[in-house]
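Just so it is clear, none of the values below were taken in a lab; they were calculated from the coordinates. Here the structure is a predicted model, which means the values were calculated and not measured. Here the Cβ is made from the backbone with ideal geometry for all residues, glycine too, and neighbour counts use every protein chain on show.
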Amino acid sequence: MFGIFKKKPLEIKSPVDGKVVDLESVPDEVFANKLVGDGVAIIPQNGEFTAPIDGVVSKIFDTNHAYIVTSDSGIDVMVHIGLETVSLNSQGFSPVVSQGDKVKAGDVIIKADLEYIKQNAADTITPVVISDEKSYKSIEKFYGDMTTAEIIMEVK
């Protein structure tokens, strides 16, 4: 009876088609040791990176290699496209929206040239992390081949 008052978990959808893997498997200590936050990583199959949740694009990094979408409840989800991609100085990345824009899960945020990134950065693996551990109790993670419509995490 009191289940109607339970808060529904925040469903985080894959921001790109690809294979979802453990964050610990990312070949970068900052992400693998969860120093930026907890989550998963995706080996992308295409270059269209979307909003993983409904919310506001609270940050697009100057080099366009990463972005944060903030939910109405204040949970930040960061998508970091590839590893050591900040050194590309925006080469290979084209933002589709602007910081401050309201978005729905699945809206394209950044288009990336994966071939360029493969040739000029350390890796295309894309960490998707919840940065503020005080904003949630637990994260349920789902692994395997996913599309942008599929849930990769549930945040409670």
Under 13 Å from a point placed 7 Å out from the Cα of Lys102 along the Cα-to-Cβ direction: which residues of region 52-69 have their backbone N that close?
54-57
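Relative contact order for region 20-155 using alpha-carbon pairs under 8 Å, separation at least 6, rounded to a whole percent? The partial results should precede the final answer.
Details: 302 pairs, mean separation 42.1, N = 136.
RCO, region 20-155: 31 percent.
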Using the Karplus curve 6.51 cos²θ - 1.76 cosθ + 1.60 with θ = phi - 60°, what ³J(HN,Hα) values do you get for each residue of region 40-50, in whole Hz, with x for Gly and Pro?
9, 10, 10, 8, x, 9, 9, x, 9, 9, 10
Separation of the Glu154 and Glu29 label points, Cα + 7 Å toward Cβ, nm:
3.6
Derived scalar couplings ³J(HN,Hα) [region 102-119; Karplus, 6.51 cos²θ - 1.76 cosθ + 1.60; whole Hz; x for Gly, Pro]
7, 9, 10, 3, x, 5, 5, 9, 9, 9, 10, 8, 4, 5, 5, 5, 4, 7
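Measure up Lys34/Lys59; Lys19/Lys156; Lys19/Lys141; Lys13/Lys102; Lys111/Lys156; Lys59/Lys141 against 18 Å on the Cα-Cα distance and list the ones that go over.
Numbers: Lys34/Lys59 20 Å; Lys19/Lys156 23 Å; Lys19/Lys141 13 Å; Lys13/Lys102 16 Å; Lys111/Lys156 30 Å; Lys59/Lys141 24 Å.
Violating the 18 Å limit, Cα to Cα: Lys34/Lys59; Lys19/Lys156; Lys111/Lys156; Lys59/Lys141.
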When N is the residue count of region 20-155, what does its C-alpha Rg come to as a fraction of 2.2 N^0.38 Å?
0.96
With only helices counted (DSSP H, runs n ≥ 4, each -39500 (n - 2.57)), the per-residue ellipticity at 222 nm for the chain, to the nearest 500, works out to -1500 deg cm²/dmol
Pull out the extension gain between Asp132 and Ser90, defined as 0.36 nm times the separation in residues minus the alpha carbon to alpha carbon distance; nm, one decimal.
12.5 nm
Cβ-placed point charges (K, R +1; D, E -1), dipole of region 48-156 about Cα centre in debye, nearest 20
180
Most exposed first by the Cβ proxy, i.e. fewest other Cβ within 10 Å, how do Ile12, Ile81 rank?
Ile12, Ile81
